[in-house]
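Worksheet for the structure shown next.
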Amino acid sequence: MAYDPRGVRFVLTAPDTESTEQGFSPWKQMVYASVPAQFAPRFLYKKMLAQETYPDGTAVVMPYGLRITESILLEAFPPEDVAVCHPDQLDAFVGPRTRAIGISAHNPVGTAFSTGVYSNIFGSSARPINAYESERIFSHPAIRKYRPKVIVGGAGSWQIEKTDSFDRLGVDCVIVGRGESVILELFQKADAGEDLPRVVRAPEPAIDQLRVPKRRSTFGIVEMTRGCGRQCAFCSPTLETRISIPPDQLLEAVKANVREGGRIIFPVSEDIFIYGASAPFYIPNADALVDFYSKVAAVPGVDFVPLSHATLAPAVVNRHLIKELSKILLPKSVLRNPRSTAAGNKMLAPLIGIETGSPRLAALTMAGKALPFDIRDWQELVVEATNIFNENHWYPIYTFIVGLPNETDDDIKQSLDLLHRLRKNKIVYVPSIFTPLDDTRMSSGHALKPRELTQLQWEFILTAWKQSRDFGVVNDRSNWYWKVGMYAFYHLRGRWIHGPQFRYPAMRFAGVAESKLTPHLYLNWSNNGAGPEQPIRVPRLVPKHNGATVEQLARVQDGQPFNVYGTTRVDTAGAFKVMGQA
């Protein structure tokens, strides 16, 4: 396509850290939100972010949100007025004719959940790589020279408002929330030279405003659901109306990605198990899930299909569903680990929020995560679900939140106890420090700085990291590097940044003998089963269910499948349209 050399009317871009498909593993992007830019000069990772372009300089791969924006703009403007490009190609598209730049931002300032621990462990002023890469766009010479309107959207746009970084970054407007209903109007105003509001809180889009892009997105992302319904107090997506995108629309997006050279398709969701579900939403519609993933995996050219976010209660509701999904998805997994007993050492790794091992704290902040089981049995539910996952070569990534409002020392101790109960399982842990998000019930909560963490909190974080390292790193030399690295970090920097409370937890990670640490730490990790294991109690069902559902669930708990996938055949009438909030 021929673009005007004086500049394209609307230019869309994103940091390279958000469009890279490095290793075909979405989780590798998390590294760029964790490693401080000051300790990773750009020349060390620049080649890993190398981006493919078409002959005209436009991007082959771009984040899903930008592809949605592109689709909306192309409904009102001709193709030559919309260019989607990587930051290194901005000079070719931004000029005196350019009216607006749309920037996707996942972590533009560096205040995301992951940054709270994984970058700030090096110091509270540490800025992660993906924030550095975002600022490279904001300070780009072409944008500074021609001063088009700068509109920022994406999961991290709220950070600009929260830190009042508008002037520093040269941002005219940020869109907070799903932007489908406001994108076109804002770009039209920019085109007319009108002033833009600094902050636009986008209302939830109506079903007819949803777009399924027909261009290649990063990791072949297709959005299979929106919303959740479990009502966690620290989360904003759960407040959205639950939507399952019809499978025929999703398959169109899958085929479009493949036509443009995509080899990976990543169906994303706040919880894959709500796909196609009607009432109650927390009973998975096994037929819809198996049918959808089967069709995606069968598309010629699709080599990899990762798992997205999930919850763990559905695995206990229907262990047969996990087995069926494994048959479909394990051959399409890019992830491998020598500890996996599957063919080719393949594994699946859904991202699942555990958040705490304390039933008391769970009841206060996320009681819906246990449905249809009782939140009082939270630990039993986690242990039972983890066993089911591991049996089917699902080695989940479990997130925990340290510093939730109302958290006590006893809550942290229970989280440590849960780690000990799971010590023989195959898990990667991702603990983070609580960050209050707007539009949640915990928006006014206090975000701890690493220096404010207690020794008990550091013990949980470093013990979780130790377990992740022991599962993920099977090479003795690499393991030795991790241990020596922590020992050196503690003595050279960590003890000055985080204080004396960091000492003994860091020494556990560094491999100091447990006999020397036991007098100083809560958890005696060397107590590895000399006595009888704590028995697993079958989680209790919550009392408010109709008789048929309780009966069906009881049969699942007894291991009795009652259809081909072992769950009730939920009536799917209306399951693929907007569903009411729980």
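Any residue in the range 402-409 that is part of a strand (DSSP E or B) and either without any contact (Cβ under 8 Å) to a residue 12 or more places away in the chain or crowded, with 20+ Cβ neighbours inside 10 Å (or both)? Yes, the range 402-409 has at least one match.
In the range 472-525, what residues are among the aromatic types (Phe, Trp, Tyr), under 20 Å from Leu416 (Cα atoms) and part of a helix (DSSP H, G or I)? Answer for the range 472-525, where residues must be among the aromatic types (Phe, Trp, Tyr), under 20 Å from Leu416 (Cα atoms) and part of a helix (DSSP H, G or I): Phe502, Tyr504, Phe509.
Among what's in the range 7-32 and is among the β-branched types (Val, Ile, Thr) and in a helix (DSSP H, G or I), pick the residue that is farthest from the chain's Cα centre (by Cα). Give the steps one after another, and end with the answer.
Pass one, the range 7-32, residues among the β-branched types (Val, Ile, Thr): 8, 11, 13, 17, 20, 31.
Filter again for in a helix (DSSP H, G or I), leaving 17, 31.
Details: Thr17: 15, Val31: 12 Å.
Step by step, filter the range 7-32, then rank; the result is Thr17.
Each residue in the range 370-396 was checked for being at pLDDT below 95, of a type outside the set (D, E, K, R) and not in a helix (DSSP H, G or I), and 3 pass.
Within the set Gly57, Gly95, Gly65, the sole residue that is closer than 19 Å to Gly262 by Cβ and either assigned to a loop (DSSP other than H, G, I, E, B) or not assigned by TED's automatic domain parsing to the domain that holds Arg226 (or both) turns out to be Gly65.
Looking across the range 296-319, the residues that are more than 20 Å from the chain's Cα centre (by Cα) and modelled with pLDDT under 95 come down to Val316, Val317, Asn318, Arg319.
Is it true that some residue in the range 350-369 is among the small types (Gly, Ala, Ser), outside any loop (DSSP other than H, G, I, E, B) and farther than 27 Å from Glu452 by Cβ? Show your work before the answer.
In the first step, residues of the range 350-369 are kept if they are among the small types (Gly, Ala, Ser); the result is 353, 357-358, 362-363, 367-368.
This time we only want the ones that are outside any loop (DSSP other than H, G, I, E, B), so: 353, 362-363, 367-368.
Filter once more, keeping what is farther than 27 Å from Glu452 by Cβ: 367-368.
For the range 350-369, residues among the small types (Gly, Ala, Ser), outside any loop (DSSP other than H, G, I, E, B) and farther than 27 Å from Glu452 by Cβ: present.
Here His420 fulfils each of the conditions (1) touching a helix residue (DSSP H, G or I) at 6+ places or on another chain (Cβ under 8 Å); (2) surrounded by fewer than 23 Cβ atoms within 10 Å (Cβ to Cβ); (3) within 30 Å of Asn337 (Cα to Cα) apart from (1). Exactly one residue out of Ser139, Ser134 is in contact with a Gly (Cβ under 9 Å, 6 or more places away or on another chain) and farther than 27 Å from Thr238 by Cβ: that is Ser139.
Could you list, in sequence order, all residues of the range 180-192 that are out of contact with any helix residue (DSSP H, G or I) (no Cβ under 7 Å at 6 or more places or on another chain) and within 13 Å of Gly153 (Cα to Cα)? If the condition is that a residue be out of contact with any helix residue (DSSP H, G or I) (no Cβ under 7 Å at 6 or more places or on another chain) and within 13 Å of Gly153 (Cα to Cα), then Val182, Leu186 are the ones that fit.
Where residues in the range 1-32 are aliphatic (A, V, I, L, M) and crowded, with 20+ Cβ neighbours inside 10 Å, which of them is nearest to Lys346 (Cα to Cα)? Among those residues, the one meeting the criterion is Ala14.
Which residue out of Ile68, Ile72 is under 23 Å from the mean Cα position of the chain (by Cα) and of a type in the set (Val, Ile, Thr)? Full working, then the answer.
Numbers: Ile72 fails: under 23 Å from the mean Cα position of the chain (by Cα).
Of Ile68, Ile72, the one residue that is under 23 Å from the mean Cα position of the chain (by Cα) and of a type in the set (Val, Ile, Thr) is Ile68.
Restricting attention to the range 503-517, report how many residues are more than 14 Å from Lys466 (Cβ to Cβ) and loosely packed, with under 15 Cβ neighbours inside 10 Å.
Of all residues in the range 503-517, those more than 14 Å from Lys466 (Cβ to Cβ) come to 503, 515-516.
Adding the requirement that they be loosely packed, with under 15 Cβ neighbours inside 10 Å leaves 515-516.
Residues flagged as more than 14 Å from Lys466 (Cβ to Cβ) and loosely packed, with under 15 Cβ neighbours inside 10 Å within the range 503-517 amount to 2.
Note on the range 277-295: among residues that are buried (at least 24 other Cβ atoms within 10 Å of the Cβ) and within 19 Å of Gln249 (Cα to Cα), the one that is nearest to the chain's Cα centre (by Cα) is Leu289. Scanning the range 239-275 for residues being surrounded by 20 or more Cβ atoms within 10 Å (Cβ to Cβ), part of a loop (DSSP other than H, G, I, E, B) and among the small types (Gly, Ala, Ser) gives a total of 2. Does Ile243 meet the test of being touching a Gly at 6+ places or on another chain (Cβ under 8 Å), of a type in the set (A, V, I, L, M, F, W, C) and over 30 Å from Gly403 (Cβ atoms)? Judged against the criteria, Ile243 is a match. For the range 222-248, a residue qualifies if it is in contact with a Phe, Trp or Tyr (Cβ under 9 Å, 6 or more places away or on another chain) and farther than 23 Å from Leu312 by Cβ, and the qualifying residues are Val222, Ile245, Pro246, Pro247. The sole residue among Thr386, Thr365, Thr408 that is more than 30 Å from Tyr487 (Cβ to Cβ), in contact with an Asp or Glu (Cβ under 8 Å, 6 or more places away or on another chain) and β-branched (Val, Ile, Thr) is Thr365.
If the condition is being crowded, with 20+ Cβ neighbours inside 10 Å and part of a helix (DSSP H, G or I), then the range 33-48 contributes Ala33, Ala37. Just for the range 449-496: of the residues that are within 23 Å of the chain's Cα centre (by Cα) and touching a residue at least 60 places away in the same chain (Cβ under 8 Å), which one is surrounded by the fewest Cβ atoms within 10 Å (Cβ to Cβ)? That would be Lys449.
May I ask you to verify whether Ser119 is small (Gly, Ala, Ser) and modelled with pLDDT of 85 or more? Don't jump to the end; show me each part of the working.
On the way: small (Gly, Ala, Ser): yes; modelled with pLDDT of 85 or more: no.
No.
Scan the range 204-222 and give yes if some residue there is crowded, with 17+ Cβ neighbours inside 10 Å, acidic (Asp, Glu) and at negative phi, otherwise no. The answer is no, given that none of the residues of the range 204-222 is crowded, with 17+ Cβ neighbours inside 10 Å, acidic (Asp, Glu) and at negative phi. No other residue among Ile375, Ile388, Ile401 is in the same structural domain as Ala310 (by TED's automatic domain parsing) and touching a Ser or Thr at 6+ places or on another chain (Cβ under 7 Å) apart from Ile401.
Could you tell me which of the residues Val212, Val171 is within 27 Å of Ala50 (Cα to Cα) and modelled with pLDDT under 90?
Only one candidate passes the filter, namely Val212.
The values are calculated or read from the model by the stated rules, or taken from the named source; none is laboratory data. Because the structure is predicted, anything quoted here is derived from the model rather than measured. Cβ sites come from the backbone with ideal geometry, for glycine too, and all protein chains shown count toward neighbours.
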